[in-house]
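What follows is a short report on a single structure.
Where a number appears in this text, it was derived from the coordinates with a stated rule and is not lab data. These numbers were taken from a predicted model, which means no experiment stands behind them. Note that we place each Cβ from the backbone using ideal geometry, even for glycine, and neighbour counts take in every protein chain shown.
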Amino acid sequence: MKKFILALTGAALCCVMASAQSATTTTRYVLSSAADNKRVQAWALDNRKLRDPAEWSIRKFSLHGGKQEGVDVVELRSGPLKIAVVPTRGMSVRSVEMGDVALGWKSPVVETVNPAYMNLESRGGLGWLDGFNEWMVRAGIEWAGHPGMDNGRMLTLHGRIGNIPASEVEVVVERGEKTTLRIRGRVDEKSMFGAALELWTEISTVVGSNRFTISDQIRNTGSLPQEYQIIYHGNYGAPLLEEGSRFVAPIRELRPLDGEAGKAMDEYATYRAPVAGFKEQVYGVQMWADESQRTLVMLRNRAGDKAMTMAYSVNELPYLNLWKNTGAAADAYVTGLEPATGYAANRSVERTAGRVPTLAPGETRRISLDFTLLNSKVDIAKAAAAIEAIQSGRRTTMNPETIKPVN
């Protein structure tokens, strides 16, 4: 093989390189850049402008009125999928739709709130909830979890990254045998004598697919080791959540966050109808994984004809927080399936338990999650079989010890 490569003439090498380059054409569009002092107010692109036979479109627009004034949204339509990303809110994903299957929920917070109107320290550190309505919002990355004191510092609920506008936002279109669409952004969580963390995030999909991927890189840009935490706070309401819906997963261990969750451990996998005054239940979960350390979980409706699956590496995200909040529809009927570096307790609790990772100076951690929307009983049965294959008869431990210390 080495002799063959060395024997190639210069002309032949040029032909090989041209062939490889012509296989994929990549086009990049910068929508906003703090470095270049640039922000495109409104922008649109579709397959016709690039003479691409695959049908898709992407547009960028701003919201107006109330607390959503000035919020940027990038909306992607790719075959059956519609994905809305909010760069102004830390590159959160507002919603995902595929026909009558949708990822998202109905929050009492109706508007997509501009971080300029947020006060994370209000309500005893619960101010994060005043803007909480996205399908996928990251909790982190300097800290995540419940509010409270940690080494003399008050930590607010779920950190700051979800309320920091992205400094760089771009769209990338890759055209080859298939067309791939990417929305990318950089969010900086940095302060003097504080965090030195950088998040590059990307949401991507192949045109025509019912699948998309969230890929993140978290880097310590400082000169000292830096703790970090991240919870991928994915939130689901109708049509996937209803009375009789099921959470299907290859669970290795399940623990209640507190005594309230401990009362209902036997019902963790099923959901009730909306009930006014329902007290939230949170469980910490560890998953079994396959030989490549990948796991797969699913949320499906009662009939088993609508579902979402989520696949990820347990090396990257060793824990999952299961949040059940089946209150009245007016108050929030929602469940959270939240892969994470740790549980949703305060960072002081998580550090003591050894669930707070550290980045060395200049170090980068990569995280990737794959989501698939399903609308057929056959495909949902196949997903359930794949989850059962990962479980492979291995035992689920129901650990009654609460994650939060009992006062």
Sites matching GluC sites (Glu not before Pro) across the range 142-187 that sit in DSSP coil, with at most 13 neighbouring C-beta atoms within 10 Å: Glu177
The range 176-220: mean projected area of Cα convex hull, nm²: 3.7
Along the chain, longest interval not containing exposed trypsin sites (Lys or Arg not before Pro), exposed being DSSP loop plus at most 16 other Cβ atoms within 10 Å: 303-393
Acute angle (nearest 10 degrees) that the helix 377-391 long axis makes with the longest principal axis of the chain, alpha-carbon atoms: 70
Value of [θ]222 nm, deg cm²/dmol, for the chain, DSSP H segments ≥ 4, -39500 (n - 2.57) each, nearest 500: -3500 deg cm²/dmol
Relative contact order, percent, the chain [alpha-carbon distance under 8 Å, six or more residues apart]: 15
Residue exposure sequence - Met136, Met192 - by fewest surrounding Cβ within 10 Å: Met192, Met136
√(5λ) per eigenvalue of the Cα gyration tensor, the range 340-407, largest first, Å: 32, 21, 12
Kirkwood-type radius of the chain, with distances r between different C-alpha atoms, in Å: 22.5
Farthest toward positive dipole pole in the chain [+1 Lys/Arg, -1 Asp/Glu at C-beta], among Leu31, Thr402, Thr270: Leu31
Sum of side-chain charges, Phe193 neighbourhood, beta-carbon under 13 Å (Lys, Arg +1; Asp, Glu -1): +1
Geometric extent, Cα atoms of the range 297-402 - Rg, Dmax (angstrom): 16.8, 50
Cα long-axis angle, helix 10-23 against the chain (0 to 90 degrees, to the nearest 10): 40
Reciprocal mean inverse distance between Cα atoms of the range 273-359 - Kirkwood radius, Å: 14.8
Loop GluC sites (Glu not before Pro), the range 363-407, which have at most 11 other Cβ atoms in a 10 Å radius of their Cβ (DSSP): Glu401
